[in-house]
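Visitor: Questions regarding the structure given below will be posed in turn.
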4 protein chains.
Amino acid sequence: MSGNTIGRLYTVTSFGESHGPALGCVVDGCPPGLELCEADIQRDLERRRPGSSQYVTQRRESDTVQILSGVFEGRTTGTPIGLVVHNEDQRSRDYDKIKDRFRPNHADYTYQQKYGFRDYRGSGRASARETVMRVAAGAIARKYLAERAGIAISGYLAQIGPLTLAPVNPAAAYDNPFSCPDPSRLPELEQLLWATRGAGDSIGARLTLRATGVPPGLGEPVFDKLDADIAHALMGINAVKAVEIGDGVAAAGQKGSEHRDELSPDGFLANHSGGVLGGISSGQDILVHLSIKPTSSIQVPGRTIDIAGRPTEIVTTGRHDPCVGLRAVPIAEAMLAIVLMDHYLRHRAQNADVVSPTPDITRARR
Amino acid sequence: MSGNTIGRLYTVTSFGESHGPALGCVVDGCPPGLELCEADIQRDLERRRPGSSQYVTQRRESDTVQILSGVFEGRTTGTPIGLVVHNEDQRSRDYDKIKDRFRPNHADYTYQQKYGFRDYRGSGRASARETVMRVAAGAIARKYLAERAGIAISGYLAQIGPLTLAPVNPAAAYDNPFSCPDPSRLPELEQLLWATRGAGDSIGARLTLRATGVPPGLGEPVFDKLDADIAHALMGINAVKAVEIGDGVAAAGQKGSEHRDELSPDGFLANHSGGVLGGISSGQDILVHLSIKPTSSIQVPGRTIDIAGRPTEIVTTGRHDPCVGLRAVPIAEAMLAIVLMDHYLRHRAQNADVVSPTPDITRARR
Amino acid sequence: MSGNTIGRLYTVTSFGESHGPALGCVVDGCPPGLELCEADIQRDLERRRPGSSQYVTQRRESDTVQILSGVFEGRTTGTPIGLVVHNEDQRSRDYDKIKDRFRPNHADYTYQQKYGFRDYRGSGRASARETVMRVAAGAIARKYLAERAGIAISGYLAQIGPLTLAPVNPAAAYDNPFSCPDPSRLPELEQLLWATRGAGDSIGARLTLRATGVPPGLGEPVFDKLDADIAHALMGINAVKAVEIGDGVAAAGQKGSEHRDELSPDGFLANHSGGVLGGISSGQDILVHLSIKPTSSIQVPGRTIDIAGRPTEIVTTGRHDPCVGLRAVPIAEAMLAIVLMDHYLRHRAQNADVVSPTPDITRARR
Amino acid sequence: MSGNTIGRLYTVTSFGESHGPALGCVVDGCPPGLELCEADIQRDLERRRPGSSQYVTQRRESDTVQILSGVFEGRTTGTPIGLVVHNEDQRSRDYDKIKDRFRPNHADYTYQQKYGFRDYRGSGRASARETVMRVAAGAIARKYLAERAGIAISGYLAQIGPLTLAPVNPAAAYDNPFSCPDPSRLPELEQLLWATRGAGDSIGARLTLRATGVPPGLGEPVFDKLDADIAHALMGINAVKAVEIGDGVAAAGQKGSEHRDELSPDGFLANHSGGVLGGISSGQDILVHLSIKPTSSIQVPGRTIDIAGRPTEIVTTGRHDPCVGLRAVPIAEAMLAIVLMDHYLRHRAQNADVVSPTPDITRARR
């Protein structure tokens, strides 16, 4: 177990490198009887696919997923679902010039020191290509959550470099290549991206996620708090440097009388908490923010060392995203789906027959 | 497994409620031969103890820890270490008036809905008293890390409500009741706390943690990234709403040429990454920030519902911290120690005999 | 995680040594709302207690269990249940003469080589005293299984040394100190035990366990087959050398036409399988047999080495069971209960809403 | 997590059905730097391959394994190793006549009741084809254990139906299709198999496994005893009904003075314990026996029910092994390798720097 499995009951075990033959994963624990076909998964994969716009890496991958097991006559059987996506457009020669030196801000050096050597082709396992399988496994979780629990997950770009984007129309985020929730800002975004690319540089981003329809009760109250597991899942995405729940860092500056979400028979009167209290979902929307660092592979020359420890310089050419945040929304949504699915099953295992005398005040709003 | 165990190899399983007979935990996986006695643990417990200053809850607990197993002739044996702390100053009558209604911003409502009923005395398992055992288990990890791996962990208060505190003298944080790293600001802090308490309100905080001496190679590169596991451990502390690694949320606004930490034969030239690249420690200091919401138990009246769902009002009296952040530094340090200890063992399991041709550029600085 | 936790959803984490201050465990994952008090657990502890007859060790322990957490107003809360039993009758001086040499057939040597040193007092963690907590944790599982699922677990002594005992009256096993299911054989058993003790020797045993009322569907079909997890749990009891399901070793000599249990609308027509098919419970009774080696601590002198590797001789005096099998029935029952409880919750997590068109043919008989 | 993962540190997660597109697994936790290519795995797969002799199923599968990840320039990288074998000779029509009725002694009925429906083609996930991936994952473990730890694993057929086979020449077991360790008995075996097949029946078997070169110290002393984990791994193989360590069931009839393995400076003087004491390897050979029931798919007509619960009769035609034990030796060896590999890493994680003053008395013999 070198950390390539996530989840306790809905578990996803993934494998694959950027320039190996294929990426794949095993989804274990999915309940039986869910209608499932490749198209259900392909839809989400399409959203994170490279080459999908001029603002992202131009690597050409169809990312066609194949279901190898666990589905019979169009329904999940309860046995593990094996998924595979074959790599098609490896251009390993791009990496010859950096195979003996370490990109700053990249996993190159740490892989080298952990394992003694590394697969330098396209960053190997450290490549964002690894996230293909997160999206695939998340797509199954989303489908189950939507159909059986009424839970929906969405996200949008909330900030990119200096630009902060208000969620004027969150649904619009699915219609533009920036996941931008305010279509009026698209020209600014385009300009920023072109300028960044032109400078051979990259730029950071901040995303917001929302899960609606989550019933109260999901999450374990101590170490595996729902928000703790969300933080684990999202911080585990490449390049993420911060995870916030609800008001997040702003909570540090607030008073108790300001932060608290009062209760009424018709629901909570605010949502500073982001839908989690004491590690357990409250029935409100789950609100999460994640901050993503700028891509490490840039064309601005930088100081570094080579494999023998000698000082040298590096410039990364090849095909890279100027802002990894642009393709990160479906990945982050998928990880949130995996966590919610896992806790949905965990809660059911322990508390399937619990009846509370207290009404669910959020039911009407969910 | 309802989430009361943390760690894969250095595992901590805890139990206990605020007003039950005792709190305890089992530390499993500690290597044998570590010198250990109760005083080694008591030292850290003392730092989070209630009643230790006038700015924290006045509950009177000696928090005397007893080692029940796993130590023989002053050394750990390799078998599980059982720890227990008996509760001494339960005043359950304080809770009679809130037992049938839910404090906003508190786990009261979510426990009720998850389990169908709840131990309302002192918040039961949701109480910050649960963190006693985090500190105890963390103390053993810290001792091992310090003695066998040269790793040291420290922390301080970086913000409290509107006041931001610069780390002018981080070591001074251990000498004042606020964990304040800038002694010149103490009068401001005292004033803020008195004002907050006088208003019957509470206030949020932000902490900074640092681990020095961490060798390169700790962490698993995909789901169980070192920073992901740190995020899980820290977000799982009561009231934490955000976890940031290195530059954290600021990274969203940075350029790649700005964020990256260049490498030289003498170490990294900056530490924006917070000591983690690709989920694996780089040998730099680990830097983490956590934001804590204001205490939910306040005396400002608030709207809520009762157990039958009827609207009502609530005022929390009793003994509460006006700022939970003040006692959180030792807790957060302990959780970071547990994660580092766990990954120290995980790394050793897989990579004990790895030799890299690349020199460890951080060795001299560590 | 050094293997002191068992179960995925109903997890038991135990600690404690023979001559330390106390033994304890944490039961995590128990559903809320189960009525529970110390007496519910004490009843089972009484059955494995030392000193309960003249045929077992004369160590005097009341084995009084204390519930430290997880129960409020007489019901489980869903949070971890902490249990503790204090050791009362340690006579560590008995072990002075063997502290520097290794008893053959005992864990003395292997602990020494694994950990570099060992707690020699009463065998430390390797003592059968460790099983106190198995029985305690199993008692909670049994209560839940009995009350919520109609599952009952029983066992008896099927063989002791040369004597094979037929289950003439399995219920009678609870009324004699040998767990003997055929009261007519008691004089033979007494004679055998006295002869064995008189010779300073010990003797092996074989037990049979039965679980009735188990619904079809428990168990995971590949690695965590129900019988595989039963084998793990029972082989993990001190001194067990074989675990058999249903016909067990006899199946190796059978034909397919002989072994198979045909199906009818009124149930299965035989039970060679022991209630498990393809790793999943069939609804028939679960039948398990375990074989236990003779106690290693005997007074017959034997050759061994000392801590420096020099040849020497050993005689074990002190208080030991001439047949560990005699007190093993409640321990084995407890472990079976823990496994069934765990799989009951695991099955519910994944398959809570499954409906099969096929009738449960065993329902009438269960 | 529906039990398709085994191991804590060397973890194997498998997927795939008998008549699906492919079988596969993910091996996570393998140390980096191990030389590995497909041929290393293919060698072991060849030994369990269907159609390899006239005494086993005539299904024609090349069982060609493909490494999809985790190996770079001929060495393992430390990242997960994805393996896949495509199914080639599915003849699903064979199953049309049994798709609506349940084979006695088979997983048909229990899958139906657990999941509500089942993949009836070739038994789906319950097919022995699932074991392909056990052998593949085990092959990697074996290679590591042999090269880095000097551990070798072998096995042979010890009994088939009424015939007991003495290990006259265990190495010869690798040269005949029965894994028979006594070549003089081959004519008897052939005769028995032909007679069994002629009668449309099947027959059980018992296997013996041996691991040599195992150092003292592997195994965790309480729940995850080395023998408990071996029992779990072997009982989890299809059709296994009993697992014995060392003297196994015979230990129930022995005296302590007879069973114990005395120690000398030159090693143990006997090996009744099968190489495990107190759950920890002693340095002696690990000896394990497993008993396998006769195949359930036979041509002798039997009573059963259909999917609606109505009584009916069944005859299984198609391609089946008359004795599943014949192909089970490589599978059982693989599972033992996985367990030893896992505990090798677990032991190293906790005890990498332990030094015992006591010499390893088995070193010379290993």
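Visitor: Do we find a residue being in a loop (DSSP other than H, G, I, E, B), within 14 Å of another protein chain (Cβ to nearest Cβ) and among the hydrophobic types (A, V, I, L, M, F, W, C) anywhere in the stretch D:148-163?
Guide: Checking the stretch D:148-163: not a single residue is in a loop (DSSP other than H, G, I, E, B), within 14 Å of another protein chain (Cβ to nearest Cβ) and among the hydrophobic types (A, V, I, L, M, F, W, C).
Visitor: Look at B:Glu73 and say whether it is acidic (Asp, Glu), open to solvent by 20 Å² or more (accessible area, probe 1.4 Å) and out of contact with any Ser or Thr (no Cβ under 8 Å at 6 or more places or on another chain).
Guide: When the stated conditions are applied, B:Glu73 passes them.
Quick grid of which residues meet (1) in contact with a Ser or Thr (Cβ under 8 Å, 6 or more places away or on another chain); (2) over 25 Å from B:Ala146 (Cβ atoms):
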{"site": "B:Gly278", "(1), (2)": "yes, yes"}
{"site": "B:Ser282", "(1), (2)": "yes, no"}
{"site": "B:Leu287", "(1), (2)": "yes, no"}
{"site": "B:Cys323", "(1), (2)": "yes, yes"}
{"site": "B:Arg346", "(1), (2)": "yes, no"}
{"site": "B:Pro359", "(1), (2)": "no, no"}
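Visitor: Only residues that are in a loop (DSSP other than H, G, I, E, B), crowded, with 24+ Cβ neighbours inside 10 Å and of a type in the set (A, V, I, L, M, F, W, C): list them for the stretch D:12-41, please.
Guide: Hit for the stretch D:12-41 is D:Cys30, nothing else.
Visitor: With D:Glu262, D:Glu244 as the choices, which residue is surrounded by fewer than 24 Cβ atoms within 10 Å (Cβ to Cβ), within 7 Å of chain C (Cβ to nearest Cβ), in contact with a Ser or Thr (Cβ under 8 Å, 6 or more places away or on another chain) and of a type in the set (Asp, Glu)?
Guide: Just a single option satisfies the conditions, and that option is D:Glu262.
Visitor: May I pose another question? Of everything in the stretch C:153-172, what is in contact with a helix residue (DSSP H, G or I) (Cβ under 8 Å, 6 or more places away or on another chain), aliphatic (A, V, I, L, M) and surrounded by fewer than 17 Cβ atoms within 10 Å (Cβ to Cβ)? Give them in sequence order.
Guide: Correct list: C:Val168 only.
Visitor: Go over the candidates B:Val243, B:Val222 one by one and state the one that is farther than 25 Å from B:Pro167 by Cα and free of Cβ contacts under 8 Å to residues at least 60 places away in the same chain.
Guide: Unique residue meeting the criteria: B:Val222.
Visitor: D:Gln54 fails exactly one of the following numbered conditions: (1) surrounded by fewer than 21 Cβ atoms within 10 Å (Cβ to Cβ); (2) under 21 Å from the mean Cα position of the chain (by Cα). What is the number of that condition?
Guide: Single failed check for D:Gln54: (2).
Visitor: Read through the list (1) touching a Lys or Arg at 6+ places or on another chain (Cβ under 8 Å); (2) over 22 Å from B:Leu9 (Cβ atoms); (3) open to solvent by 10 Å² or more (accessible area, probe 1.4 Å), then give the number of the only condition that B:Ser202 fails.
Guide: With respect to (1) touching a Lys or Arg at 6+ places or on another chain (Cβ under 8 Å); (2) over 22 Å from B:Leu9 (Cβ atoms); (3) open to solvent by 10 Å² or more (accessible area, probe 1.4 Å), B:Ser202 is out only on (3).
Visitor: Which numbered condition in (1) within 12 Å of chain B (Cβ to nearest Cβ); (2) assigned to a loop (DSSP other than H, G, I, E, B); (3) in contact with a Phe, Trp or Tyr (Cβ under 6 Å, 6 or more places away or on another chain); (4) not charged (D, E, K, R) is the only one that A:Leu9 fails?
Guide: Failed condition: (3).
Visitor: For the stretch C:173-194, give me each residue that is in a helix (DSSP H, G or I), touching a strand residue (DSSP E or B) at 6+ places or on another chain (Cβ under 9 Å), of a type outside the set (Phe, Trp, Tyr) and open to solvent by 10 Å² or more (accessible area, probe 1.4 Å).
Guide: C:Arg185, C:Glu188, C:Leu192
Visitor: Being open to solvent by 10 Å² or more (accessible area, probe 1.4 Å) and touching a residue at least 12 places away in the same chain (Cβ under 8 Å) is the filter; apply it to the stretch A:247-257 and report the residue that is farthest from A:Ser291 (Cα to Cα).
Guide: Top of the filtered list is A:Gln254.
Visitor: Just one of A:Thr316, A:Thr304, A:Thr295 is part of a strand (DSSP E or B), under 27 Å from B:Gly246 (Cα atoms) and open to solvent by less than 40 Å² (accessible area, probe 1.4 Å); which is it?
Guide: When all the criteria are applied, what remains is A:Thr304.
Visitor: A further question on this structure: From the residues in the stretch A:100-119 that are surrounded by fewer than 24 Cβ atoms within 10 Å (Cβ to Cβ) and closer than 25 Å to D:Val26 by Cα, which one is farthest from the other protein chains (Cβ to nearest Cβ)?
Guide: A:Phe117
Visitor: If I filter the stretch B:310-332 for residues that are touching a strand residue (DSSP E or B) at 6+ places or on another chain (Cβ under 7 Å), basic (Lys, Arg) and closer than 30 Å to A:Gly267 by Cα, do I get at least one hit?
Guide: Among the residues of the stretch B:310-332, not one is touching a strand residue (DSSP E or B) at 6+ places or on another chain (Cβ under 7 Å), basic (Lys, Arg) and closer than 30 Å to A:Gly267 by Cα, which makes the answer no.
Visitor: Kindly list, by first and then second residue, each pair from a residue in the stretch C:164-190 that is aromatic (Phe, Trp, Tyr) to a residue that is modelled with pLDDT of 95 or more and surrounded by fewer than 17 Cβ atoms within 10 Å (Cβ to Cβ), limited to pairs with Cβ atoms under 8 Å and residues at least 6 apart or on different chains.
Guide: C:Phe178/C:Leu186
Visitor: Next question. Only residues that are in a loop (DSSP other than H, G, I, E, B), under 9 Å from the mean Cα position of the chain (by Cα) and more than 7 Å from chain D (Cβ to nearest Cβ): list them for the stretch C:222-240, please.
Guide: C:Ile237, C:Asn238
Visitor: A further question on this structure: As an exercise: evaluate D:Arg129 against (1) surrounded by fewer than 23 Cβ atoms within 10 Å (Cβ to Cβ); (2) within 14 Å of chain C (Cβ to nearest Cβ); (3) touching a Leu at 6+ places or on another chain (Cβ under 7 Å) and give the number of the one condition it does not meet.
Guide: (1)
Matching residues to (1) of a type in the set (S, T, N, Q); (2) modelled with pLDDT of 95 or more:
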{"position": "A:Leu186", "(1), (2)": "no, yes"}
{"position": "A:Arg197", "(1), (2)": "no, no"}
{"position": "A:Gly200", "(1), (2)": "no, no"}
{"position": "A:Ile203", "(1), (2)": "no, yes"}
{"position": "A:Thr208", "(1), (2)": "yes, yes"}
{"position": "A:Gly213", "(1), (2)": "no, yes"}
{"position": "A:Pro216", "(1), (2)": "no, yes"}
{"position": "A:Asp224", "(1), (2)": "no, yes"}
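Visitor: Can you tell me which residue is surrounded by the fewest Cβ atoms within 10 Å (Cβ to Cβ) among those in the stretch A:214-231 that are small (Gly, Ala, Ser) and closer than 23 Å to A:Ser356 by Cα?
Guide: A:Gly217
Visitor: Can you tell me which of (1) free of Cβ contacts under 8 Å to residues at least 24 places away in the same chain; (2) within 14 Å of chain D (Cβ to nearest Cβ); (3) surrounded by fewer than 24 Cβ atoms within 10 Å (Cβ to Cβ) is the one B:Gln350 doesn't meet?
Guide: Only one criterion in (1) free of Cβ contacts under 8 Å to residues at least 24 places away in the same chain; (2) within 14 Å of chain D (Cβ to nearest Cβ); (3) surrounded by fewer than 24 Cβ atoms within 10 Å (Cβ to Cβ) is unmet by B:Gln350, namely (3).
Visitor: Give the residues of the stretch C:169-228 that are under 30 Å from D:Val132 (Cα atoms) and of a type in the set (Val, Ile, Thr), sorted by residue number.
Guide: The one that is under 30 Å from D:Val132 (Cα atoms) and of a type in the set (Val, Ile, Thr): C:Val222.
Visitor: Identify, by number, the condition in (1) closer than 24 Å to C:Arg91 by Cα; (2) open to solvent by less than 10 Å² (accessible area, probe 1.4 Å); (3) within 8 Å of chain D (Cβ to nearest Cβ); (4) among the small types (Gly, Ala, Ser) that C:Ser273 doesn't meet.
Guide: Only one criterion is unmet by C:Ser273, namely (1).
Visitor: When you scan the stretch C:42-51, how many residues do you find that are open to solvent by less than 10 Å² (accessible area, probe 1.4 Å) and assigned to a helix (DSSP H, G or I)?
Guide: 2
Visitor: Spot the failing condition for C:Val288; the list is (1) more than 7 Å from chain D (Cβ to nearest Cβ); (2) part of a strand (DSSP E or B); (3) without any contact (Cβ under 8 Å) to a residue 60 or more places away in the chain, and only one is missed.
Guide: (3)
The values are calculated or read from the model by the stated rules, or taken from the named source; none is laboratory data. Please read all numbers here as calculations on a predicted model, not as lab measurements. Note that each Cβ is placed from the backbone with ideal geometry, even for glycine, and that neighbours are counted across all protein chains shown. Side chains are part of the model used for accessible areas, which takes the heavy atoms of the whole protein and leaves out ligands, DNA and RNA. Shrake-Rupley method; radii C 1.70, N 1.55, O 1.52, S 1.80 Å.
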